[in-house]
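*Asks:* Below are the structure tokens for one structure; questions will follow.
The values are calculated or read from the model by the stated rules, or taken from the named source; none is laboratory data. Remember, it's a predicted structure, so these values are computed and weren't measured experimentally. Positions of Cβ are backbone-derived with ideal geometry, glycine not excepted, and every protein chain shown enters the neighbour counts. Accessible surface areas use protein heavy atoms only, side chains included; no ligands, DNA or RNA. Shrake-Rupley method; radii C 1.70, N 1.55, O 1.52, S 1.80 Å.
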Amino acid sequence: MSEAALAPVGTSSKFPLETIYQAARMYYVEDANQVKIAQSLDVSRPTVSRLLAEARRIGMVRIEVVDPAATTSKSLAIELADALSIQQVYLADGDQSRRLRGGLLPLVFEAISDMALAPGDVLLASSGRTIYELSQAPLPKLPGVIVAPSVGGQTEPEPWYQTNEIARAIAEHTGAQPAFLWTQALPSPEMHEFLQRDPDFQRIKRLWESAKGALLGIGAPPTTRSSISRFIPKDDDSLSRAVGDICLNFYDVHGKQIAFPGSDRIVSTSEENLRAIPHTVGVAVGAEKATSILGAARAGYYRKLVTDSHTARAALDYIRTA
């Protein structure tokens, strides 16, 4: 075949498709070098280069460049999801414990989007530093969705336990409608009794029972924490076995709920409610939360997890040796 034979033939390419195909097949399938291809097609060596470039341009040849880090992260996420018996793990690279908002936000954004919440649906938000940080950042638009606190937060001195503020911030950044819970996490016996008759509180309970989604911070073992709700007696012996909490539902590494003084009056979404919510996303980073993540998964408190690869490896290491 001569160079003159490579004239346009009415295609979107200036070379005949058959010629492009033969050059591409020889180079990519038969592993022939460009000199051999030039001799076989009776063209110059520079023309072979142009034929191969044209094969890529028109989509006859598709080259995929795979990031090894992304492949490793995907495998790690699948492995952790299988080990925890949950639906999915959204995994950030490295250690994100010092950049909760920036490092985890894209994954939390994706996890909330995957809930496919519609107007009238209810999204619950827990307390905790991680959820608080995320509440201050842009999240998916949720017009008509109701965002409700999953636990009482009145009179808490630290902002990450002030759950009304967390619900308000999430609603502000998503275009949703906030609902507020006007009580502390552990009310007095008299207040607890009153709440059972209070219409506003009963409305919140109905939201808990009908929620379609929940964004849940996974708390570390209480004995290791420098910050915790002021109502939790973290030094009480009953909590020495606790490996974490979700919505102040404390549990051991096997997922069994742990009672402590006053726990029968805690105002929060119950473990039964958590298990019934279709789209529950736990969020946790830090190697110290390996047991917290495992216990909450065994309790059935979340179906999907947002974490980082540093935490994922720590959780898998613990599961393998437990």
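*Asks:* Enumerate the lysines that Lys14 could reach by cross-link, defined here as Cα to Cα under 24 Å, with residues fewer than 8 away along the same chain left out.
*Replies:* Within the straight-line cut-off, Lys14 pairs with Lys36.
*Asks:* Name the lysines eligible as straight-distance cross-link partners of Lys234: C-alpha to C-alpha under 28 Å, and not fewer than 8 places from it in the same chain.
*Replies:* Candidates past the 8-residue exclusion: Lys205, Lys256, Lys289, Lys304.
*Asks:* List the residues, sorted by chain then number, that are 5 or more residues from Tyr251 or on another chain and whose placed amide H is less than 5 Å from its amide H.
*Replies:* Answer set, sorted by chain and number: Val243, Gly244, Ile258.
*Asks:* Next up: Taking +1 at the Cβ of each Lys and Arg and -1 at the Cβ of each Asp and Glu, which of Val89, Ala167, Gln154 sits farthest along the dipole of the range 69-321 towards its positive end, judged by Cα position relative to the Cα centre?
*Replies:* So the residue we want is Val89.
*Asks:* Where both partners of a DSSP beta bridge lie in the chain, what percent of those bridges are antiparallel, to the nearest 5? Please list the in-between numbers first.
*Replies:* Values: 6 of 28 bridges.
Bridges in the chain that DSSP calls antiparallel: roughly 20 percent.
*Asks:* While we're looking at this one, here's another question. Rounded to a whole number of µm²/s, how large is the Stokes-Einstein D of the range 69-321 at 25 °C and 0.890 mPa s, given Rh as the Kirkwood radius over C-alpha pairs?
*Replies:* After rounding, the answer is 137 µm²/s.
*Asks:* For a quick check of understanding: with a 1.4 angstrom probe and all protein chains in place, what accessible area in square angstrom does Glu190 have, to the nearest ten?
*Replies:* 130 Å²
*Asks:* Moving on. If I ignore ligands, DNA and RNA and count only protein heavy atoms, how much of Thr224 is accessible to a 1.4 Å probe, in Å² to the nearest 10?
*Replies:* 90 Å²
*Asks:* Go through the range 267-276 residue by residue and turn each phi into a ³J(HN,Hα) via Karplus (6.51, -1.76, 1.60, θ = phi - 60°); whole Hz please, and just put x for glycine and proline.
*Replies:* Once θ is set to phi - 60°, the couplings for the range 267-276 become 9, 7, 4, 6, 4, 5, 4, 4, 5, 8 Hz.
*Asks:* 5 Å is the cut-off here: which amide hydrogens, built 1.01 Å from N in the peptide plane, fall below it relative to Tyr90, excluding neighbours closer than 5 in sequence?
*Replies:* Result for Tyr90 returns Leu305, Val306, Thr307.
*Asks:* What aspartates and glutamates sit close enough to Lys141 to cross-link, taking a C-alpha to C-alpha distance under 19 Å and skipping anything fewer than 8 places away on the same chain?
*Replies:* Glu110, Asp114, Asp121, Glu133, Glu165, Glu172
*Asks:* Here's a follow-up. In terms of solvent-accessible area of protein heavy atoms at a 1.4 angstrom probe, what is the ranking of Val29, Val267, highest value first?
*Replies:* Val29, Val267
*Asks:* Now for a different question. How high is the relative contact order of the range 17-58, in percent, with contacts defined as C-alpha pairs under 8 Å that are six or more residues apart? Please report the intermediate quantities before stating the final value.
*Replies:* Values: 29 pairs, mean separation 19.1, N = 42.
With pairs under 8 Å counted, the relative contact order is 45 percent.
*Asks:* If you average 1/r over every pair of different alpha-carbon atoms in the range 17-58 and take one over that average, what Kirkwood value in Å do you get? Could you put the intermediate results ahead of the total?
*Replies:* Working: mean 1/r = 0.1028 Å⁻¹.
Taking the inverse mean of 1/r over all distinct Cα pairs, the range 17-58 comes out at 9.7 Å.
*Asks:* How much of the accessible area of the range 126-222, in percent, comes from carbon and sulfur atoms when a 1.4 Å probe is used?
*Replies:* For the range 126-222, the apolar C and S fraction of the accessible surface comes to 54 percent.
*Asks:* What is the percent carbon and sulfur in the accessible area of the range 258-303, measuring with a 1.4 Å probe over the protein chains and ignoring ligands? Don't skip to the end; give the middle numbers.
*Replies:* Details: 700 of 1450 Å².
It is 48 percent, rounded to a whole number.
*Asks:* Go through Trp208, Trp182 and list them by solvent-accessible area, largest first, probe radius 1.4 Å.
*Replies:* The most accessible residue leads, giving Trp182, Trp208.
*Asks:* Hey, another quick one. Could you please put Ser238, Ser40 in sequence from largest to smallest accessible area, using a 1.4 Å probe? All intermediate terms of the calculation are to be shown ahead of the outcome.
*Replies:* Working: Ser238 30, Ser40 75 Å².
Listed by decreasing accessible area, they come as Ser40, Ser238.
*Asks:* If contacts are Cα pairs under 8 angstrom and at least 6 residues apart, what is the relative contact order of the range 203-300 in percent?
*Replies:* 38 percent.
*Asks:* Tell me, what is the per residue accessible area of the chain in Å², probe radius 1.4 Å?
*Replies:* 47 Å²
*Asks:* Round to a whole number: what % of the accessible area of the range 17-58 belongs to carbon and sulfur, probe 1.4 Å?
*Replies:* 48 percent
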